[in-house]
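Trainee: Before I ask anything, let me first share the structure, which is written out below as structure tokens.
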Amino acid sequence: MKTVLNDSRRQLLKNVALGTVLVPLSAISMHAAFGADTPLVTEEDPTAKALKYVADASKATGATPGSKCGNCSLFQGAAGSAQGPCLLFPGKAVKATGWCMSWTAKAT
Ligand code: SF4
């Protein structure tokens, strides 16, 4: 029984260590992969539709006033940039003025 618990604990620690390494690497690769030719997400994109993404947050239904991609914790663009990657749309860019229902305030 003790061996089973030790094996489970060992596996858990391996998974935590692996996650600690891979999550920052995915953020780095997302920055590296983003370029001027990265396509913008369209409002017709199936994921965008599911998340009610709009390129203009002022036209969003249900958005908290002032919320937009540019101040969302999932936005990976540089501060002040007009568009950038979002963790929910790999390989695509969202407008900094956009919004979707997964908006989460960026930590200040
Ligand atoms: S998760 Fe955040 S950055 Fe991504 S589309 Fe939604 S509001 Fe914009």
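Bear in mind that the values in this text are calculations on the coordinates, not laboratory data. Every value quoted in this text rests on a predicted model; they were computed, and no experiment measured them. All Cβ positions, even for glycine, are placed from backbone atoms using ideal geometry, and neighbour counts span all protein chains on display.
Trainee: From the square roots a ≥ b ≥ c of the eigenvalues of the alpha-carbon gyration tensor of segment 35-108, which class results: rounded (a/c under 1.5), prolate (a/b over b/c), or oblate?
Mentor: Numbers: a/c = 1.62, a/b = 1.08, b/c = 1.51.
It comes out oblate by the Cα gyration axes.
Trainee: Tally Lys and Arg at +1 and Asp and Glu at -1 over the other residues with C-beta under 14 Å from the C-beta of E43: what net charge comes out? Each step should come with its number before you reach the end.
Mentor: Values: positive: K49, K52, K59, K92, K95; negative: E44, D45, D56.
Charge balance near E43 sits at +2.
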